[in-house]
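The values are calculated or read from the model by the stated rules, or taken from the named source; none is laboratory data. Note that the coordinates shown come from a computational prediction; the quantities given were computed from them, not determined experimentally.
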Amino acid sequence: MAEDKNKEAEKELQLDEASKKKKKLYIIIGSIILVLTLCIISYWLLFSSSDATVNSQNNSQNNSQITTGSMPTDSQSNDKAVKVGSALYVPMPRPFRFNIPGAARDRFVEIRVQLMVRGSDNDENAKKHIPLIESTLLNVFSRANADDLATSAGKASLKQKSLNAVQKVMTEIENNKTIEKVLFTGFVMQ
């Protein structure tokens, strides 16, 4: 009889352990489902509100043009072509590495560049002409002086010269400035 009681006690322990394992499994599965649900809801809330904001801004701009009755002329559309659409960033495939002269000694410079464009048409144009843009930027960068690039004003001047050169080239090719800003995402000078 003692053996029967021991066997029954062991069976009850095994059943208790099995039920505890099932409870743990249910808790883990429930937690995973809860986390995934929260992630989906937060993603939806974050990105649906930003899309609605962009769409409402675009609609209000279009409505203001329609209500005023003013449609841009060809010369106005070329100037405003850069401003249309949402901002997109086109990274240059590789950093620019070059030597530039300085007063004391030559310096090695590495610049990582991204181009800010507006709208998908300008994004496609920029991506299509990346070799031309790279060549133009390298031409501008190679004319720089190490002493000028040591200051923030010199870097800002280099950005502006780069932007002007790239916009000039893109206007010649696409009849559109395409590029709104030249951004330095990395700048190292040794």
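For this structure, a couple of remarks:
- Checking each residue of segment 182-190 against the condition of being outside any strand (DSSP E or B), at pLDDT below 95 and more than 18 Å from the chain's Cα centre (by Cα) gives at least one match.
- Note on segment 63-170: enclosed strands (runs of 3 or more DSSP E) holding 1 or more residues that are modelled with pLDDT under 95 and closer than 14 Å to PHE187 by Cα are 96-100, 107-118.
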